[in-house]
Each structure stands twice: as C-alpha cells, then as structure tokens.
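In what follows, a single structure is set out as structure tokens and then discussed.
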Amino acid sequence: MVQNKKIFEAKDVARGYALQSHLQPPEETILRELLPHLPTAKMLDIGVGGGRTTLHFGKWVREYVGTDYSESMIAECRKRFSGYPDSLKFQACDARAMGMFEDGTFDFVLFSFNGIDCVSHEDRAKILQEIRRVGKPGGYFCFSAHNLNWAANLFEWRRLLSLNPKFAVRTAKRFLLRCLYNWRIRSANFRDAAYLIFNDGAHYRQMQIYYIRPQAQLEALQANFTDIRVFALATGAEIKALDEVNRNEDVWLYYLCRFK
Ligand SMILES: C[S@@+](CC[C@H](N)C(=O)[O-])C[C@H]1O[C@@H](n2cnc3c(N)ncnc32)[C@H](O)[C@@H]1O
C-alpha cells in the first residue's frame, strides 16, 4: 500500500483536498451529538488531509491537533489555517506509530473519510491499537470505513451484468474495473471475505483500498472500544438494528465509539 501514500504526497492531490469544506451527513450528525463535550476536549484529527474537518470541529474544541502521514497535506493545512488561533496545530505523523503522543492524551479522536482504509490489514490493527493508546478512557473515537457489502456491485456477476439501459455506463465502468484491475478476485472469494483490498477506481485507479463487512468491523472494535454505533452515509442517521447494519450497502459507513 506504499503507492497510496505516494498519491497523498502529491502536491496537486493535497491542493485538491484543501479545497473541500463540506461535512458528510454522518459527520454532521456526529458533530451535533458530540457538541456538548467538545469545549473541554483535546481532539486528534488523524489523516486530516486538507483540513476539511478542521473547519467544523476546530472551532469547538479546547485544543486541536491535525496529523497526516503526507507532508504535503500538512503544508496545505498550515497554509489554510495560518490566521487561526494557536489552539489549532498540524503535525506530520503516521497513525501506525504515534509515539509523539503520550498515552491517554485525547478526549476525541477522528479518522474521517476512510483514511484508515489506505493501509494493510495488519497495519489497520496497529492503528486501532495506537488510537486506543492515545485516547482517554471514556473519550470518543469516530471514523469511517468502506463497506464490503457495497462491492457486490463489482464482484457479483449477476449485478454486473444488469442490462438496464439506465445504468449501462455505470455497469460498463464497473465491469472494466473488475476485469482489468481486480481480475484475481472471484465472486466466491468476495462472498466469503470479511474484508478485501482492491482497486475501486479512486484517484484514477491507482489506489488499493481496504473494504470490510460492517459485522467484521464491529468485531474488530469490541476489544478496545465500547458503545459502538454505526451511521449511514446516505442519510447520516444512526442504524440501530444489527441486521440492518449487516445488510447495509452504502459505500462507506461511519462508526462512533468510546475508549474502554
Ligand atoms: C481520503 S483522505 C481524507 C482527508 C480528510 N480527512 C478529509 O476528510 O477530507 C485520507 C487521508 O488519510 C491520510 N492517511 C492515510 N493513511 C494514513 C496513516 N497511516 N497515517 C496518517 N495519515 C494517513 C492520507 O494522507 C489522506 O490525507
């Protein structure tokens, strides 16, 4: 997944992220819910990119640290927020090794817009351990992750071969993505997998992205986190029933939980 980092280090990619400013629907819901806790919170915004979330969360918290493993992203943030108060800080840091922060430092950790999906399965586990370490017991962790259920649209032949003319272009694109870039993945592997890493077409088809079943994501969180909740991308609403979470096919989902 070294290629993923190279893409985020490109100056034009970082500039593109620095132009973004809108929250996604679940981020809006979660911001509203956490608002009463934010004025006393020290927040860590991992994979801050161009500072899209800084705009919305930075003004509410007591202290804010945005980190990213891409120096170009950090440079964009420093430029974008140069006139802002000193309580906003930006530091280059890889989420796999956050030794620069002591245990139990943060009341709220955010890793938005699927940044956690850019690393391998083993590194994802390391990141979750690191986040647990730097988070204060009782504090909050929010992140989003690609939903492997969505990928039925790529790996289930029945769906790929839809003859509905309304979706002809989309179907053709997905068919190409499957055949040219993900030819090793078979429908049966897809159906049995708890997670898969594949090329989903992002960033001009140059990235390998981790997709996980919601149920597997919930299981991976249970050892270190509690009060785990899931929010739909499409509506921003919490999905309360477990069977609905497990059946959901939004392309990614937001998870909100607390540090044990
Ligand atoms: C899709 S972008 C999202 C940027 C920003 N959070 C937003 O919502 O606009 C993912 C970000 O995660 C960062 N990232 C990916 N893996 C990382 C890691 N291991 N440590 C720190 N940052 C990482 C990338 O450099 C990139 O800026």
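Being loosely packed, with under 15 Cβ neighbours inside 10 Å and touching a residue at least 12 places away in the same chain (Cβ under 8 Å) is the requirement here; does residue 35 meet it? Write out each step before concluding.
Values: loosely packed, with under 15 Cβ neighbours inside 10 Å: yes; touching a residue at least 12 places away in the same chain (Cβ under 8 Å): yes.
Yes; evaluated as a whole, the condition is true for this residue.
Looking for whichever is more than 21 Å from the chain's Cα centre (by Cα), of a type outside the set (A, V, I, L, M, F, W, C), in a helix (DSSP H, G or I) and surrounded by 14 or more Cβ atoms within 10 Å (Cβ to Cβ) here; the options are 174, 158, 133. Which one fits?
Details: 158 fails: surrounded by 14 or more Cβ atoms within 10 Å (Cβ to Cβ); 133 fails: more than 21 Å from the chain's Cα centre (by Cα).
Result of the check over 174, 158, 133: 174.
Using beta carbons and a limit of 8 Å, which pairs, at least six apart or on different chains, have the first residue in the range 38-58 and among the polar types (S, T, N, Q) and the second one part of a loop (DSSP other than H, G, I, E, B) and more than 7 Å from the ligand (Cβ to nearest atom)?
Pairs found: 40/62; 53/23; 54/81.
Test residue 115 against the stated conditions and say whether it is in the same structural domain as residue 232 (by TED's automatic domain parsing), exposed (fewer than 14 other Cβ atoms within 10 Å of the Cβ) and of a type outside the set (Phe, Trp, Tyr). Outline the logic, then answer.
Values: in the same structural domain as residue 232 (by TED's automatic domain parsing): yes; exposed (fewer than 14 other Cβ atoms within 10 Å of the Cβ): no; of a type outside the set (Phe, Trp, Tyr): yes.
No, not satisfied.
Please work out which one of (1) modelled with pLDDT of 95 or more; (2) away from the ligand (no atom under 15 Å from the Cβ); (3) open to solvent by 10 Å² or more (accessible area, probe 1.4 Å) is the condition residue 148 fails and give its number.
Here residue 148 meets the rest and fails (3).
For the range 1-103, please list each of the helices (runs of 4 or more DSSP H) lying entirely inside it that holds at least 1 residues being near the ligand (Cβ under 10 Å from one of its atoms) and within 24 Å of residue 236 (Cβ to Cβ). Spell out how you get there, then give the answer.
Working: elements: 2-9, 11-17, 25-34, 52-57, 71-80.
Answer list for the range 1-103: 11-17, 25-34, 52-57.
Looking at the range 104-145, which of its residues are more than 12 Å from the ligand (Cβ to nearest atom) and in contact with a His (Cβ under 9 Å, 6 or more places away or on another chain)?
107, 108, 139, 140
Being within 23 Å of residue 192 (Cα to Cα), in a strand (DSSP E or B) and open to solvent by 30 Å² or more (accessible area, probe 1.4 Å) is the filter here, so list the residues in the range 202-257 that pass it.
252, the sole residue that qualifies.
The values are calculated or read from the model by the stated rules, or taken from the named source; none is laboratory data. Treat the numbers as computed from the prediction; the structure is a model and nothing was measured. Using ideal geometry, Cβ is built from the backbone for each residue, glycine included, and neighbour counts are taken over all protein chains shown. For the accessible areas, the whole protein counts, side chains as well, though only heavy atoms, and no ligand, DNA or RNA atoms are used. Shrake-Rupley method; radii C 1.70, N 1.55, O 1.52, S 1.80 Å.
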